[in-house]
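Peer 1: One structure coming up, written as structure tokens, with questions to follow.
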Amino acid sequence: MASWTYIGALALVIIYTLVVVLLFIFLGRRGDLKSGLVVLNITLAFYLYHVYFESETQYSFKKNAREGTYVSSQVVNYFKYRSKFAYKHYDGTPLKKVNYIGETGAWYQQVQDSLSERSLLVVNEAWGVNLNPKVNAALLKPLLDRRDELVNLRYGEASFNGYTIAAELRELCSLWPNTHKLKSVETGFEDCLPNRLRTAGYSTMALHGAKGEMYDRINWYPRAGFEQQTFFESKQWPARCVSFPGACDLDLRDEVVNFFQLPGKRFMYWLTLNTHAFYDLADLRKDVMDCEAVDVAADSSTCRYLKLQAQFFYGLAEMASDPGMAGVTVRVIGDHPPALRKASEKSKYFKENAIGWVEFSIPARGMALLGDAR
């Protein structure tokens, strides 16, 4: 289900691993045991120096370059990285309750109070926070230009260190997944926001452009409370985007509008797709981002990423002007910062572990007509 870029990268890793193994076998047969022992001890001496004598400042400065040293330990590296993300929360259960308090957390707490009866939650793939405020403002420009047409437009940033499915469960359920395999997980979703909304009389729907089998969404979305789900395989789409294979986000807007054109209390969740690494400009239809104007190199991965993000917000602003969206409250939040191949580029342009969010309400038709009359 992944793009050819990911499949090609995996193939290269497999080939590299086989070459290294064969090389070690070849050298092992031809080598001298005493010489190997000398090399091992010299290597160990360098590694011990790195561990015990290099300052924390030196280490943190160089940590992006393969642990910041010419000599490192694959075993130590393995245990260090397996302690991140899901492992650090592991308590023996597939889903763990967390007290995530953020923008969507407020919705989660207001189900019985003042939550809008027509609400759209968008988890925006890889929406991070740029170190340059001009970039963040440029991304939101299509919405900011329509500030007078929108109600209570607010935006800001939050902190999160995780991956997409963790962000989804963070926003929908205040849960942390201890596993990626949720197909057989039957319990733990009872208190998710969509389930609470269904109890309160809402119609609920989930929308995502990739295949439903990805991360078992086709299985756990209904358990979280979604009556309807639309994925790539659900219908024929006008085009197929390639950054991560699936339907194009601009084409999914009709699904959103059609859902909210119907009467009653309604909640939709939309997980976007086209801003997924590695940011292929084949998915770019509307170029509204001038990278050089916001001090970003035009030939960088960051520029490609920004162009795709800017296209999403342009499309969101257009959709907000559709009469079918009248009265809908919209909340958009990033799942995680963008994934860039060059760590130096990421540290140059983006805040670490920071995600963006924006919220606004679209006036109901009566309010819009009143505004026109004035």
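The values are calculated or read from the model by the stated rules, or taken from the named source; none is laboratory data. Keep in mind that this is a model prediction, so the values were computed, not measured. Here Cβ is always computed from backbone atoms with ideal geometry, including for glycine, and neighbour counts include all displayed protein chains. For accessibility, only protein heavy atoms count, side chains too; no ligands or nucleic acids. Shrake-Rupley method; radii C 1.70, N 1.55, O 1.52, S 1.80 Å.
Peer 1: Looking at the range 139-164, I want the residues that are under 23 Å from Met289 (Cβ atoms) and have a partner that is open to solvent by 90 Å² or more (accessible area, probe 1.4 Å) and assigned to a helix (DSSP H, G or I) with Cβ atoms under 7 Å, at least 6 apart or on another chain. Which pairs are those?
Peer 2: Taking only residues 6 or more apart or on different chains, the pairs are Leu153/Arg147.
Peer 1: Moving on. Which residue out of Tyr163, Tyr221 is of a type outside the set (Asp, Glu) and buried (at least 21 other Cβ atoms within 10 Å of the Cβ)?
Peer 2: Tyr221
Peer 1: Could you pull out the residue among Ser300, Ser361, Ser347, Ser321 that is touching a residue at least 60 places away in the same chain (Cβ under 8 Å) and either surrounded by 15 or more Cβ atoms within 10 Å (Cβ to Cβ) or closer than 18 Å to Asn124 by Cα (or both)?
Peer 2: Ser361
Peer 1: A further question follows. Go through the range 187-209 and report how many residues are outside any helix (DSSP H, G or I) and within 20 Å of Asn258 (Cβ to Cβ).
Peer 2: 8
Peer 1: Assuming Ile101 fulfils every condition listed in (1) open to solvent by less than 90 Å² (accessible area, probe 1.4 Å); (2) under 28 Å from Tyr349 (Cα atoms); (3) modelled with pLDDT under 95; (4) not in a strand (DSSP E or B) apart from one, which condition is it?
Peer 2: (1)
Peer 1: Anything in the range 121-173 that is polar (S, T, N, Q), under 13 Å from Gly334 (Cα atoms) and in a loop (DSSP other than H, G, I, E, B)? List them, or say none.
Peer 2: Residue satisfying the conditions is Asn161 alone.
Peer 1: Identify all residues within the range 328-344 that are out of contact with any Ser or Thr (no Cβ under 8 Å at 6 or more places or on another chain) and either open to solvent by less than 30 Å² (accessible area, probe 1.4 Å) or closer than 19 Å to Pro142 by Cα (or both); write none if there are none.
Peer 2: Correct list: Val332, Gly334, Pro337.
Peer 1: Got a sec? Which of Thr204, Thr187 is out of contact with any Gly (no Cβ under 9 Å at 6 or more places or on another chain) and on the phi < 0 side of the Ramachandran plot?
Peer 2: Going through Thr204, Thr187 in turn, just one is out of contact with any Gly (no Cβ under 9 Å at 6 or more places or on another chain) and on the phi < 0 side of the Ramachandran plot: Thr187.
Peer 1: Return the total of residues in the range 290-330 being more than 21 Å from Asn130 (Cα to Cα), β-branched (Val, Ile, Thr) and touching a Pro at 6+ places or on another chain (Cβ under 8 Å).
Peer 2: 0
Peer 1: Here's a follow-up. Yes or no: the range 32-44 includes at least one residue that is among the basic types (Lys, Arg), assigned to a helix (DSSP H, G or I) and modelled with pLDDT of 75 or more.
Peer 2: yes
Peer 1: Is there any pair with a first residue in the range 179-200 that is without any contact (Cβ under 8 Å) to a residue 24 or more places away in the chain and a second that is open to solvent by 70 Å² or more (accessible area, probe 1.4 Å) and of a type in the set (Val, Ile, Thr) whose Cβ atoms are under 7 Å apart and which are 6 or more apart or on different chains, and what are they?
Peer 2: none
Peer 1: A further question follows. Could you check how many residues of the range 258-297 are part of a helix (DSSP H, G or I) and surrounded by fewer than 16 Cβ atoms within 10 Å (Cβ to Cβ)?
Peer 2: Looking only at that region, the number is 5.
Peer 1: Just one of Phe226, Phe244 is under 26 Å from Ala200 (Cβ atoms) and open to solvent by less than 60 Å² (accessible area, probe 1.4 Å); which is it?
Peer 2: Testing whether each residue is under 26 Å from Ala200 (Cβ atoms) and open to solvent by less than 60 Å² (accessible area, probe 1.4 Å) leaves just Phe226.
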